[in-house]
1. Restricting to the range 21-61, give me the number of residues that are surrounded by fewer than 17 Cβ atoms within 10 Å (Cβ to Cβ), part of a loop (DSSP other than H, G, I, E, B) and at pLDDT below 90.
2. Could you tell me whether the range 62-69 includes any residue that is modelled with pLDDT of 90 or more and outside any helix (DSSP H, G or I)?
Amino acid sequence: MSRALQRMAVEVLELAHGTDGLVLIGIQRRGVELAERIAKLIEQDEGAVVPRAPSTSPSIATTSRRWAPSRHRETRIPGSSPASTS
């Protein structure tokens, strides 16, 4: 598992062309933990802080064989300003 996570971290860095402006967003449940683990690996290798945040967009959950969206909450991305509403 650690080798797979290390490879994911390297691929993220390659696709993002480094850590400038990089923010990892983990989808609730297991994705948040995965984003955290990848961010820590990147920080160890690159010596740069990688902001991360959990996604709070609606997700699909199964209950009694029915698909039901979860409650929507605002996703806060580190380093960004809140969306303005006009």
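The values are calculated or read from the model by the stated rules, or taken from the named source; none is laboratory data. Computed from a prediction, not measured in an experiment: that's the story for all the values here. Quick reminder, even Gly has a Cβ in these numbers, built from the backbone with ideal geometry, and neighbours come from all protein chains shown.
1. 9
2. no
So that you can scan it fast, the table gives a plain yes or no per residue for (1) more than 14 Å from PRO54 (Cβ to Cβ); (2) out of contact with any Cys (no Cβ under 9 Å at 6 or more places or on another chain); (3) in contact (Cβ under 8 Å) with a residue 24 or more places away in the chain; (4) among the aromatic types (Phe, Trp, Tyr):
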| position | (1), (2), (3), (4) |
| --- | --- |
| MET1 | yes, yes, no, no |
| ALA4 | yes, yes, no, no |
| VAL12 | yes, yes, yes, no |
| LEU15 | yes, yes, no, no |
| LEU22 | yes, yes, yes, no |
| GLN28 | no, yes, yes, no |
| GLU33 | no, yes, no, no |
| ARG37 | no, yes, yes, no |
